[in-house]
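Each remark here refers to the structure printed beneath this line.
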Amino acid sequence: TRSEGEDQLPAWSPDGLKVAFHSGQGDGTDIFVMDADGSNRVRLTDGNGSQHAAPSWSPDGQRIAFESTRHQPLASQVLTVAEYEIYTINVDGTDIKRVTQVSSPLAGARNPTWSPDNKQIAFEFQRGDRAIFRMSIAVINADGSGVYEVPNIELSGRFPRWSPIP
């Protein structure tokens with residue numbers, strides 16, 4: 001990339017022809033997609049000053065999951081901890097959907113990753129009590145139903161990833 005912002009966390013499309021990433025240009029960060037050679041850069045999110053980050057391609061290449069603060073009023077992002085939720089969007093920037101509903105003061109969902117069958121999204125579930133944050137791994141159906149926390153993670157669960165289908 002050759003932009004004025006900070007382009008971070010690239011994710012290859014399943015066919016290897018495109019790259020999704022987030023970039024900070026001005027207020028907030030947005031999700032972008034471009035061809036693998038750096039051409040045809042397109043912003044998918046709305047550039048409204050929210051934080052949109054950590055894109056993850058669905059295995060079928062049709063949608064991208066990402067973490068975002070778009071549901072949180074912009075003024076409160078400056079005064080408090082950003083409350084991230086998981087969203088999905090079509091690769092052409094249409095049909096944005098909020099998948100998780102876990103936000104509360106000092107809680108959030110971050111770093112999404114798709115299951116190999118496109119049916120679920122694992123993510124980092126963060127919660128705290130002003131003194132300490134705890135992270136675990138949770139899984140939710142791609143339609144936003146059936147969330148559950150993975151049990152028996154003794155230390156902080158971070159950056160989940162699925163194994164490929166054997």
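Some observations on this one:
- Residue under evaluation Gly16, criteria (1) open to solvent by 20 Å² or more (accessible area, probe 1.4 Å); (2) small (Gly, Ala, Ser); (3) assigned to a strand (DSSP E or B), criterion not met: (3)
- Contact map, segment 138-163: first residue free of Cβ contacts under 8 Å to residues at least 40 places away in the same chain, second residue of a type in the set (S, T, N, Q), Cβ cut-off under 6 Å, separation 6 or more or different chains; pairs are Val139/Gln120; Asn141/Gln120; Glu149/Ser136; Ile153/Ser136; Gly157/Ser136.
- Output for segment 30-76, where each listed residue is touching a Ser or Thr at 6+ places or on another chain (Cβ under 6 Å) and acidic (Asp, Glu): Asp30
- Considering the conditions (1) under 23 Å from Ala109 (Cβ atoms); (2) without any contact (Cβ under 8 Å) to a residue 24 or more places away in the chain; (3) of a type in the set (Gly, Ala, Ser), Ser39 is excluded by exactly one of them, (1).
- Candidate set: segment 58-73, residues that are at pLDDT 95 or above and over 13 Å from His22 (Cα atoms); chosen: the one most open to solvent (accessible area, probe 1.4 Å): Gln62
- Number of positions in segment 118-132 that are outside any strand (DSSP E or B) and at pLDDT 90 or above: 2
- Within segment 28-50, if we keep just the residues that are surrounded by fewer than 21 Cβ atoms within 10 Å (Cβ to Cβ) and touching a helix residue (DSSP H, G or I) at 6+ places or on another chain (Cβ under 8 Å), the residue that is farthest from Lys97 (Cα to Cα) turns out to be Gly49.
- Candidates Ser76, Ser50, Ser23, Ser103, filtered to the one that is within 14 Å of Asp7 (Cα to Cα) and at pLDDT below 95: Ser23
- Search result, residues across segment 133-157 that are surrounded by 11 or more Cβ atoms within 10 Å (Cβ to Cβ), at pLDDT below 85 and among the charged types (D, E, K, R): Arg134
The values are calculated or read from the model by the stated rules, or taken from the named source; none is laboratory data. Since this is a predicted model, take the numbers as computed values, not measurements. Neighbour counts run over all protein chains shown; Cβ positions are idealised from the backbone, glycine included. Only protein heavy atoms, including side chains, enter the accessible area calculation; ligands, DNA and RNA are left aside. Shrake-Rupley method; radii C 1.70, N 1.55, O 1.52, S 1.80 Å.
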